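Q: Below: one structure in structure tokens.
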């Protein structure tokens, strides 16, 4: 699985692809030194293969490398990040 980041001034996303086929996408917004994950979507053909988690992990790695924090508004990203204490260093203001 290949993960790529596509970054803009206000919005960005991570995409996952395999053999040139898009498997999933995770969209985020910039808020200063924070990224707000707003949506994660995985193609049903790739369901159950961990694509969504790989996208979230790409954001975690990016946040750690750039001293950023993540606000997970997306329910999937929130579940992954808030369900594991090892992400507490990048998690900012958990959403209830």
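The values are calculated or read from the model by the stated rules, or taken from the named source; none is laboratory data. Source: prediction; values computed, not measured. FYI the Cβ positions are ideal-geometry reconstructions off the backbone, even for glycines, and counts take in every protein chain you see.
Q: Suppose we keep only residues that are without any contact (Cβ under 8 Å) to a residue 40 or more places away in the chain and crowded, with 18+ Cβ neighbours inside 10 Å within segment 29-51. Which one would you say is farthest from residue 73 (Cα to Cα)?
A: 46
Q: Can you say whether residue 55 is at pLDDT 95 or above, surrounded by 14 or more Cβ atoms within 10 Å (Cβ to Cβ) and within 20 Å of residue 22 (Cβ to Cβ), as far as the supplied structure shows?
A: In short, yes.
Q: Quick check: anything in segment 25-45 modelled with pLDDT under 95 and over 19 Å from residue 9 (Cβ atoms)?
A: No, segment 25-45 contains no residue that is modelled with pLDDT under 95 and over 19 Å from residue 9 (Cβ atoms).
Q: I'd like the residue in segment 25-44 that is touching a strand residue (DSSP E or B) at 6+ places or on another chain (Cβ under 8 Å) and not in a strand (DSSP E or B) and, out of all such residues, is nearest to residue 89 (Cα to Cα).
A: Pass one, segment 25-44, residues touching a strand residue (DSSP E or B) at 6+ places or on another chain (Cβ under 8 Å): 25-31, 33-43.
The next check asks that each one be not in a strand (DSSP E or B); those that pass are 33, 43.
Values: 33: 14, 43: 30 Å.
Taking the candidates together, the pick is 33.
Q: Output the residues belonging to segment 58-96 that are touching a strand residue (DSSP E or B) at 6+ places or on another chain (Cβ under 7 Å) and either exposed (fewer than 11 other Cβ atoms within 10 Å of the Cβ) or at positive phi (or both).
A: 93, the sole residue that qualifies.
Q: A further question follows. Among (1) farther than 15 Å from residue 90 by Cβ; (2) surrounded by fewer than 16 Cβ atoms within 10 Å (Cβ to Cβ); (3) at pLDDT 95 or above; (4) more than 10 Å from the chain's Cα centre (by Cα), which single condition is residue 8 missing?
A: (3)
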